Structure formats: C-alpha cells, structure tokens
1. Run the numbers for A:E435 and A:E67: contour at 0.36 nm per residue of separation, minus the present Cα-Cα distance, in nm.
2. Using the crude model of +1 on Lys and Arg Cβ and -1 on Asp and Glu Cβ, and no other charge, please compute the dipole size for the range A:429-580 relative to its Cα centre, in debye to 20.
3. For an R0 of 41 angstrom, estimate the FRET efficiency from the Cβ-Cβ distance between A:K178 and A:M1 and round to the nearest 0.05.
4. Helix A:461-471 versus the longest principal axis of chain A: what is the Cα-based angle in degrees, 0 to 90, to the nearest 10?
5. How much length, in nm to one decimal, is gained on full extension between A:E572 and A:D201, taken as 0.36 nm per residue of separation minus their Cα-Cα distance?
6. Under a Cβ-only charge scheme (Lys and Arg +1, Asp and Glu -1), can you give me the dipole magnitude of chain A about the Cα centre, in debye to the nearest 20?
7. Using Cβ contacts closer than 10 Å as the measure, can you line up A:D312, A:D470, A:D399 from fewest to most?
8. Among bridges DSSP assigns within the range A:531-605, what percent are antiparallel (round to 5)?
Amino acid sequence: MLEELNNKQKEAVLYNDGPLLIIAGAGAGKTKTLTTKIAYLIEHEHISPYSILAITFTNKAAKEMQERVINLVGEYAKNMQISTFHSFGLRVLRENYDELGYDRNFVIMDSDDSLTVVKKILKELDLDPKMFNPNAIRNKISSCKNEMISPREYERFASSEFEKVVLEVYTKYEDKLKKNNSVDFDDLLILPIKLFKNNDDILDKYQERFKYILVDEYQDTNQAQYILTKLLASKYRNICVVGDENQSIYSFRGANYRNILNFEKDYKEAKVIKLEQNYRSTENILDAANSVIKNNSSRKDKNLWSDKGKGDKIIYFRSYDEKDEAHYVARNIKKLLDSGKSADEIAVLYRTNAQSRTIEEEMLKENIPYRVVGSFYFYSRKEIKDLMAYLRLIHNSKDNVSLTRVINSPKRGIGLKTIASLNEKADRLGVSIYEAIDSGKELEFKNTIEDLKKVSENVTLTELIDKVLDTTGYRKELESEGTLEADIRLENLEEFKSITRAFEDRDGLISLEDFLFEVSLVSDRDEYQDGANKVSLMTIHAVKGLEFNDVFVVGLEEGIFPHMNSLMENSELEEERRLMYVAITRAKERLYLINARRRMLYGKDSINPPSRFIGEIDSNLIESSEEKKEEATVKINKEENFYTEEQEWNVGDYAYHDTFGAGRVVEVSGSLVSVAFKMPYGIKKLMKNHKSLKKV
DNA sequence: CTGCGTGGCATTTTT
DNA sequence: TGCCACGCAG
C-alpha cells in the first residue's frame with residue numbers, strides 16, 4: 001500500500017495521532033495520499049470504517065475516493081462516511097429534524113428558489129427590485145448565514161439603507177423557509193451547528209462516532225464549515241486537513257483560506273507536512289505557475305518542483321477578436337486530434353460561462369466532439385425544475401415555492417390574481433397555500449396532487465414520473481407545441497426518467513424522499529464523466545481538481561481575467577491570481593494562453609489589454625505562436641481603419657498603447673494626453689487621437 | 001388570464 | 001447580447 005508513495009506522502013499516511021495539516025501543492029498526489037491514509041487506518045490501525053468521516057468538495061470526488069479505498073481494503077470500507085459538507089449536514093438533519101423543529105418531509109431549496117423567495121418578499125414589502133437588487137440581497141443573506149450571523153445579530157450591523165432592507169428581508173426569509181418546512185443550502189451547515197451547540201449529548205454522540213475526521217480542500221472552507229469541523233473534532237482531535245492556500249478560489253461565497261493558515265494556531269500540537277513534488281506538469285508549466293503566484297502576498301512558503309523535464313514552452317497567442325480566438329483554439333485542437341491525441345486530454349478554460357458560446361460555435365463548425373461542463377446544467381432546466389417541483393409538492397405540500405411554480409404550468413387559468421389572493425388567505429389562516437385551497441380551478445389542481453400522492457404509495461419512482469406528466473397534462477402541453485424546443489424538453493424529461501431508473505437499478509426501490517434529497521445536492525461538476533472522449537469546455541472554477549495534457553486558457557485580458565469587478569480590491573485581485581494559478585497547473589504537457597485584441601462584450605465592442613498575469617510569467621518560458629505574426633500584421637492593418645474617430649479622454653481612464661501596453665491617463669491638456677505606463681516606459685505624452693492609443 | 005411586443009437593463013465565479 | 005419586467009390588446 002505504501003510502496004507507491006514518496007517519503008512525505010508516507011509520513012502523512014503514517015501520522016494518525018492528533019491534528020495533521022497537509023499542505024499539498026497542485027498535482028502533488030493529495031488524493032492518493034488521502035485514500036491511502038484511510039485505507040491504512042482501516043487495515044493497519046484497525047479503525048472501523050464506521051468511525052471515519054471524510055469531507056470532499058464534490059459528490060463525485062467523494063464517490064471516487066470511496067471506490068479507491070474499497071479497491072485497497074475491500075467492500076468493508078463501504079461503511080465509512082465520505083461526503084461533501086452539505087451532504088453530511090443533510091444527513092445530520094435527517095437524523096435530527098425533530099429537535100430542530102422541522103417535519104420529517106422537509107425539502108431543500110436551491111439558490112434559484114431562494115431568489116424567488118427574496119423577490120416575493122420584496123413584493124410583499126412593496127420595495128422596488130430595481131432599487132434593491134434581489135440577487136445582491138440573496139447573496140448578503142447567504143454570507144450572513146455562512147458567517148453565522150442571525151437576523152437578530154445582523155440588526156447591530158445594519159446601518160445603510162441597503163443593509164436595513166437586507167435585515168428586513170432576511171428576517172422574513174428565515175420565517176418563510178421555516179413555514180414552508182424547507183431549508184436552503186446554508187441551513188445544511190448552520191442547523192447541524194445549532195443542534196450541536198444546544199445539545200451536548202447529541203454532539204457527543206457524533207464525536208464518539210467519528211473519531212477520525214479528514215477534510216479535503218480545506219482552503220475553501222467557510223466559517224460555518226470551519227466551526228462544524230471544529231465541533232466534531234474537539235473531543236478526539238484526530239483531524240487531518242489537506243489544502244493549498246494558493247488554490248483558494250471561493251472567497252466570494254465565504255471561503256476563508258486563512259482557515260488553513262490558522263490551523264496551527266487552532267491546534268497547537270498540530271503536525272505539518274508539505275507535499276511539494278508535483279507529478280503532473282512539466283517544469284516550464286510549474287515555473288510559470290510559480291512566477292505568477294509569487295506576486296501574491298499572504299501565502300505559506302512552498303516550493304513546487306517536478307522531475308518531468310522542461311517540456312514544451314508555453315504558447316501565447318494574441319488574436320484579433322473573440323471569433324479569431326475561438327478559431328485558433330479549434331484549429332490547434334484539430335491538429336492535436338489529428339496527431340492522435342485523445343479529446344479527453346484537452347480542455348478549454350475560461351473565466352466566465354458566457355465565454356463558452358463562441359468557443360462552442362467554433363467547435364461545432366469544426367466538428368470537434370466537445371462538452372460544456374457546468375453553465376446550464378441539467379437540473380436547472382425549466383422542465384426538470386417543474387417536474388421536481390411536482391415531486392416535491394407530492395412529498396411536502398407545504399412547499400409554497402414549488403406550488404406557485406407549477407400551479408399554472410401547464411396553463412390552468414390560475415393567474416397572478418388568484419395566487420395572490422390564495423397567498424393572502426393562507427397568511428391570514430396561518431397555513432400553507434396548499435391547505436388554503438378549497439374551491440375553483442385550484443381545487444382541481446389540489447385534487448390532482450392528492451391523487452398523485454395516493455399513486456405514489458404504490459408505484460416506483462419512474463412510474464410516478466410518468467403519472468405526473470400525464471395526469472397534470474404537462475406532457476400533453478409540450479407535445480401540442482410541436483416546436484423543436486418543446487421536443488428537446490420532452491427528451492430531457494425522458495432523460496430524467498433514465499436517471500431515476502438508474503437509481504432504482506442501483507438501490508432496488510428508491511423512495512421519493514431519498515431521491516429528492518440525493519438529487520438536490522448534485523452539482524454540475526458531478527455530471528462530469530471521464531472517458532467521454534470529448535474536449536472539455538469549462539470555467540476555471542469548475543476545473544479544480546482535474547488535469548489535462550493540453551490546456552487552452554482563453555480570454556486573458558484585463559477586465560475579463562482578471563475580471564473587471566476584482567480590479568479595485570487587492571484581495572480580490574489576489575483571488576483572480578490564484579484562479580490563474582489553478583488554470584495553469586491543470587496542464588500536464590502543454591499550455592496555451594490566448595487573448596483577443598477586441599471582443600464583443602454585453603453587445604458592445606471593447607478593446608482590452610492583455611492580462612497582467614501573462615506579464616507575470618517569465619518571458620523565457622513563453623513562445624509566441626507562429627501564427628500570431630502572420631495574422632497580427634493582417635489584422636493590425638484592418639484595425640487601423642477602425643479607430644480614427646475622436647477619443648474623449650479623462651483623467652483616470654484606462655488606455656492601451658500598441659507599444660507601451662496598458663496604462664492610465666494622468667493628465668489631459670489640449671490635444672495631448674499624459675499616460676502612465678508600466679515600467680520601463682513610465683509617463684508618456686501622446687496625441688489624443690493617435691491610432692496606437694486606445695481607450696479601454 | 002394569456003400572449004405578444006417593447007424597452008430597459010445588467011452582465012463572475014457556485015456547494 | 002439576451003433576459004426580464006411591464007403594458008397593452010384580445
């Protein structure tokens with residue numbers, strides 16, 4: 001078992017007495033170390049799998065880890081608990097819903113549902129959603145919850161008008177969820193904490209059960225996850241966390257990489273082991289990653305190295321526009337495929353989902369097999385959400401969110417007015433909307449659901465779905481539409497049935513309850529399957545933990561990557577840089593960095609200077625693509641026709657100069673502007689309308 | 001209540 | 001650019 005490990009990894013596997021922090025750089029064999037460690041605990045330390053809790057970042061990672069441990073020690077290992085924080089929280093909740101004041105059949109609301117609730121509350125409060133962005137409010141509520149700030153506590157912080165609105169919405173939001181017998185994602189972490197804090201005996205039970213706790217991707221834990229871990233580990237202190245602060249990319253949803261930097265303060269007796277040998281990438285790629293990340297200030301010292309040799313240089317290509325960029329990517333992927341490389345080993349990475357579109361079009365044109373991971377994933381499609389809402393309603397009729405979603409879909413002549421008055425009645429009587437229904441077309445709807453409830457007791461889940469689609473008229477409505485779009489929706493519903501069937505094949509019968517819970521926590525990344533023999537298109541956030549021979553990073557422009565919204569705060573810029581670090585370290589053999597001189601953005605043409613991250617890579621590691629030179633000359637000639645119109649300049653504007661690169665206007669006088677460029681150029685006086693100077 | 005058209009608008013990353 | 005909210009006519 002230990003043979004395949006290096007010394008550091010071995011040390012990490014063998015140390016099982018007390019807190020352990022494993023600092024593992026990208027590609028340093030972290031998963032291997034963790035799985036071997038678990039296997040070792042079971043086989044050599046004779047720890048019951050039942051006492052082991054391992055937390056991973058995705059459900060898929062959990063499943064893989066479990067499989068690998070089973071391979072090492074056999075089926076016996078099935079009894080261990082490997083899950084994400086959220087699934088673990090759900091499990092605790094299902095075992096203790098009563099103490100927390102929920103009904104057995106509570107439901108989980110996804111972020112879309114939460115947003116719907118927030119919008120609804122704004123309406124009830126008669127607040128203009130244009131003045132108070134529902135999304136921003138939802139995010140604020142979520143971050144409060146993740147930092148364990150209750151509405152009552154938030155009262156002390158809320159001073160601005162926006163915050164006061166948040167406070168009001170937050171209070172109502174919590175109230176509504178409870179009344180709906182539903183919980184949101186954040187509750188899955190917070191409610192267990194509440195439970196443990198208020199019931200020593202229950203906490204003790206879980207501490208006794210999970211004597212060994214392992215947490216992967218520790219740099220991405222938020223406050224709630226941190227506390228949850230701490231509570232569980234505080235008795236036996238056998239806690240092992242693994243992470244890399246350079247790969248912390250989720251602070252926007254409350255992750256705090258300092259949790260990893262502070263581990264040694266929390267556990268004074270902690271042992272620290274660094275895994276610094278990278279088994280994934282060539283030296284050039286690693287050097288590039290290191291030279292980028294060293295521009296960040298707060299990090300633990302770490303020195304990633306590889307014995308794979310220098311390898312190919314990093315290829316940089318500056319395209320004319322986003323179409324040209326996509327074309328370049330497609331052409332080079334074609335070359336790779338023609339030379340016998342597998343599509344599985346190629347990835348195109350971008351900062352924002354919106355960028356996938358152009359790439360996708362080009363892949364279609366060039367007939368390259370591809371898949372887009374994430375973005376518009378299966379469970380967020382309208383027809384799937386509708387079907388899910390029906391199923392939830394059958395399971396828990398108090399679920400007002402699901403009810404309002406489907407009460408008029410397919411059309412039943414129940415409009416906004418009817419729903420509003422039902423809502424009001426329900427509020428008045430202190431019951432759910434479902435319970436408040438007693439007449440009209442609504443009653444027909446209610447009867448349909450009642451019938452389905454009875455049906456659900458005697459049929460399999462897959463059969464139930466057919467019944468739902470038929471008796472509600474949902475299928476019929478789609479069929480009568482006859483559009484291509486409707487056909488796709490029908491196909492998706494069939495696809496959904498094959499998922500439920502797979503569940504049934506796996507576990508025999510699956511109950512509606514188990515299914516709803518299982519499905520509400522699948523993420524888009526969980527859909528990612530190996531061996532599809534397709535090129536992967538995904539955001540850098542989605543690619544974490546994966547690796548490819550050839551990686552194309554597109555859109556490396558100021559304002560896109562690093563993203564516009566992160567330029568003001570240094571901490572946010574550093575997060576973008578970590579994102580760049582993650583992107584680079586996905587590549588095993590070849591890395592392509594690409595950007596566009598101009599690009600359509602929000603319907604407008606915009607010109608962006610190259611990303612600063614490119615400049616941070618030692619230039620001797622980079623080779624400019626050959627194609628660049630030919631194309632660039634052609635394109636530059638083209639460009640000259642475009643930019644001769646008057647340019648208005650103001651102090652503070654960002655500018656881009658063909659020779660001097662990115663700069664910022666420091667003075668405007670007459671027909672001249674003074675622009676501060678990066679060293680060695682410094683401040684230059686230039687003609688306002690010169691072709692070489694563009695506003696960014 | 002429903003369907004259609006328009007105009008205004010915001011656009012990061014997601015368990 | 002594409003989505004969504006809104007207003008209007010049937």
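A short reminder: the numbers here are calculations on the coordinates, not readings from a lab. Nothing here was measured: the structure is a model prediction, and the numbers come from that model. A quick note on method: Cβ atoms are made from the backbone with ideal geometry, for glycine too, and the neighbour counts reach across all protein chains shown.
1. 127.9 nm
2. Dipole magnitude for the range A:429-580 comes out near 140 debye.
3. FRET efficiency, A:K178 to A:M1: 0.25.
4. 80
5. 129.4 nm
6. Here chain A has a charge dipole of around 1300 debye.
7. A:D470, A:D312, A:D399
8. 35
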